[in-house]
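Novice: The following block contains the structure, expressed as structure tokens.
The values are calculated or read from the model by the stated rules, or taken from the named source; none is laboratory data. Quantities reported herein were computed from a predicted structural model and do not represent experimental measurements. Every residue, glycine among them, receives a Cβ derived from its backbone with ideal geometry; neighbour counts consider all protein chains shown.
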Amino acid sequence: MNGKPGINALADHLFRHECGKLVSALTGIFGPEHLQLAEDVVQDSLVEAISHWSYEGAPDNPAAWLFRVAKNKAINIVNREKYKKRYVLETASAGQYGWTEPTPKHIFSRQQILDDQLRMIFTCCHPSISVDSQIALALKTLCGFSISEIARAFLTTEETLNKRLVRARQKIREARIPFEVPRGTELEGRVKAVLETIYLLFNEGYSASEGNDIIRHDLCEEAIRLAEIMERHPAIEDKSDVYALLALMQLNASRFNARQDKEGNLLTLAEQDRSLWDKDLIAKGISNLKKSIVGIYVSVYQVLATISAHHSTAPDLETTDWKSILSLYDSLVQLDSSPLVLLNRAIAKSKVTGAGPALAELDGLKDNLVLKEYHLYYSTRAELNMQLGQYSDALNSLETAVRLATLDAEKKLIRKRIGFCQEKMSQLQPTPEK
Amino acid sequence: MKEFMLLIRNKVDHLSHLSPEENQQFLQACMDYIDRLTKNGNLKSAQPLVKEGKIISGSKDAWKDGPFNESKEVIVGYYHILANNMEEAVDIAKGNPEFAYTSTARIEVRPIKMREESTGFTYPGKK
């Protein structure tokens, strides 16, 4: 026992994050084709450490201890393989082990770990692996989640998730995906692809409204952490997109704790208690947004982050700078005319020009194949109808919306609006003569 | 206060199904547990035992080591505690986080014999 007073609380997610670093570092030694081995060695090291510390208390620097255990295990394995290889060579058949001899001084140095984490990001997010598997693999290897934790986050079974991981590791072996940061002209495209995966991971945590709230929050945090690894690394020279995505995620994540009430009901921007917004994250987001501005180049992330920043800095919904937001949506539509962008643009327009013209624009989109089946199209229409006092039109739209919505939290939100609408209608209805 | 030995038994790989995050929560729970026992003056010592060891049997000229069964439970560690009576010692054992984080834990609670009541003989090894 180390006899320290009971203040030795461990840093949040310490082991999860350290395991992610270790898997990356060991993959650098074993090669990406032995990813599973790296994961197993890390898990073994962790168990060994915990079974001691659970009696003796954690040492002052648990990460360093854990790294030492893992390093010794790795060196043993490499030596064993080297011995095997020599034996194979002596028996005149060429072995093809790709083991890199660890140089004890450099492995697990800060820079080396950052390098390996970046390599791992590019390996996990290689375009020849399906996007679903990319996300699962990144969470398993880089972020230190267990299979059951990832399965819970994606509301799927452990078996499905395990298959996805097995396939991904197999792909790495078969396609001989290298453990390296792409160079030259390849880098730019690969950075974009990695950022897309990171953004998907973030949205997986941010938009889904079912499942465990803590896990979803962790997904957002991990997406930000992965982007920060890219932001810190000098190998990526043009970081404009990295900064912009970081800004977007930080600004959106700042509202995470305000988005739901105590019963888990979703709250609109207008209903959220803005004092719950995370001011540190907002400041970080805005600072990254500034760093992302290079020349006249504008990215989708940048526009979205700027819109998010306008919301983050406004004291309330009415004093929000809707004119700027509308013009941002106008430029966003040029880059990305997805249904959600079109709907959000209509909301911004209604704040600038009133509900009438915004509704007219939405009318013009009623034959859009995606919007026709999208519950938010109808609930957005309903909100505008209500602003114009057209409660019976609003009610019709809301009923379509509730039919199309898939998540319980969304259905609940829409039903709340239906109740509001009906109440208004009964107030307006002339009392029948007796 | 009387002395008790809590022998913690569990499967050899009892922690390997825990994720890094769960391992951390388990460790934190253990550290809090140890801290609580220390503050209350219940703890004399606590040590983990390395799971690989030897079991000696036989006799001179015929020593045997083993047999071992890898999948079986082992003593993963012990707590040497002070408690007023068996009931209190059992309560302390029940608070061990091994129960909350693994489903295979078993704790043996054994009073340490210090003095033979009938003869008044005091066992050595204690001041």
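Novice: How many of the residues in segment A:28-57 are part of a helix (DSSP H, G or I) and within 12 Å of chain B (Cβ to nearest Cβ)?
Specialist: Qualifying residue count, segment A:28-57: 17.
Novice: With (1) touching a Gly at 6+ places or on another chain (Cβ under 9 Å); (2) within 14 Å of chain B (Cβ to nearest Cβ); (3) over 24 Å from A:TYR243 (Cα atoms) as the list, and A:LEU155 as the residue in question, which single condition is left unmet?
Specialist: The number of the failed condition is (2).
Novice: Looking at (1) surrounded by 23 or more Cβ atoms within 10 Å (Cβ to Cβ); (2) farther than 25 Å from B:TYR33 by Cβ; (3) among the hydrophobic types (A, V, I, L, M, F, W, C), which is the only condition A:LEU37 fails?
Specialist: Evaluating A:LEU37 over (1) surrounded by 23 or more Cβ atoms within 10 Å (Cβ to Cβ); (2) farther than 25 Å from B:TYR33 by Cβ; (3) among the hydrophobic types (A, V, I, L, M, F, W, C) leaves (1) as the failure.
Novice: Continuing with the same structure: In segment A:350-387, which residues are among the basic types (Lys, Arg) and under 17 Å from A:LYS411 (Cα atoms)?
Specialist: Of everything in segment A:350-387, just one residue is among the basic types (Lys, Arg) and under 17 Å from A:LYS411 (Cα atoms), namely A:ARG381.
Novice: Among helices (runs of 4 or more DSSP H) lying entirely in segment A:357-410, which contain 2 or more residues that are out of contact with any helix residue (DSSP H, G or I) (no Cβ under 7 Å at 6 or more places or on another chain)?
Specialist: Of the helices (runs of 4 or more DSSP H) lying wholly inside segment A:357-410, those with at least 2 residues that are out of contact with any helix residue (DSSP H, G or I) (no Cβ under 7 Å at 6 or more places or on another chain) span A:369-372, A:391-404.
Conditions (1) within 14 Å of chain A (Cβ to nearest Cβ); (2) of a type in the set (A, V, I, L, M, F, W, C); (3) in contact (Cβ under 8 Å) with a residue 40 or more places away in the chain; (4) surrounded by fewer than 10 Cβ atoms within 10 Å (Cβ to Cβ), marked per residue:
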{"residue": "B:LYS44", "(1), (2), (3), (4)": "yes, no, yes, no"}
{"residue": "B:GLU52", "(1), (2), (3), (4)": "yes, no, no, yes"}
{"residue": "B:SER57", "(1), (2), (3), (4)": "no, no, no, no"}
{"residue": "B:LYS64", "(1), (2), (3), (4)": "no, no, no, no"}
{"residue": "B:TYR78", "(1), (2), (3), (4)": "yes, no, yes, no"}
{"residue": "B:ASN85", "(1), (2), (3), (4)": "no, no, yes, no"}
{"residue": "B:VAL90", "(1), (2), (3), (4)": "no, yes, no, no"}
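Novice: Still on this structure, I have one more. Considering segment A:289-307 alone, what residues qualify as being farther than 8 Å from A:ALA247 by Cβ and among the small types (Gly, Ala, Ser)?
Specialist: Scanning segment A:289-307 gives A:GLY295, A:SER299.
Novice: Among the residues of segment B:92-106, count how many are farther than 12 Å from B:ASN10 by Cα and either aliphatic (A, V, I, L, M) or without any contact (Cβ under 8 Å) to a residue 24 or more places away in the chain (or both).
Specialist: 4
Novice: Across segment A:6-27, what is the number of residues that are more than 8 Å from chain B (Cβ to nearest Cβ), crowded, with 22+ Cβ neighbours inside 10 Å and hydrophobic (A, V, I, L, M, F, W, C)?
Specialist: Matching residues across segment A:6-27 total 4.
Novice: Name the one entry in B:GLU108, B:GLU87 that is assigned to a strand (DSSP E or B) and at pLDDT 95 or above.
Specialist: B:GLU108
Novice: For segment A:210-231, name all the residues that are over 16 Å from A:ARG16 (Cβ atoms) and modelled with pLDDT of 95 or more.
Specialist: Matches in segment A:210-231: A:ALA227, A:MET230, A:GLU231.
Novice: Looking only at segment B:26-40, decide whether some residue is of a type in the set (Lys, Arg), under 27 Å from A:VAL42 (Cβ atoms) and surrounded by 13 or more Cβ atoms within 10 Å (Cβ to Cβ).
Specialist: Within segment B:26-40 (the criterion being of a type in the set (Lys, Arg), under 27 Å from A:VAL42 (Cβ atoms) and surrounded by 13 or more Cβ atoms within 10 Å (Cβ to Cβ)), the answer is no, since none of the residues qualifies.
Novice: From the list A:ALA405, A:ALA358, A:ALA382, A:ALA346, which residue is touching a Cys at 6+ places or on another chain (Cβ under 8 Å), crowded, with 20+ Cβ neighbours inside 10 Å and without any contact (Cβ under 8 Å) to a residue 60 or more places away in the chain?
Specialist: A:ALA382 is the lone residue from the list that is touching a Cys at 6+ places or on another chain (Cβ under 8 Å), crowded, with 20+ Cβ neighbours inside 10 Å and without any contact (Cβ under 8 Å) to a residue 60 or more places away in the chain.
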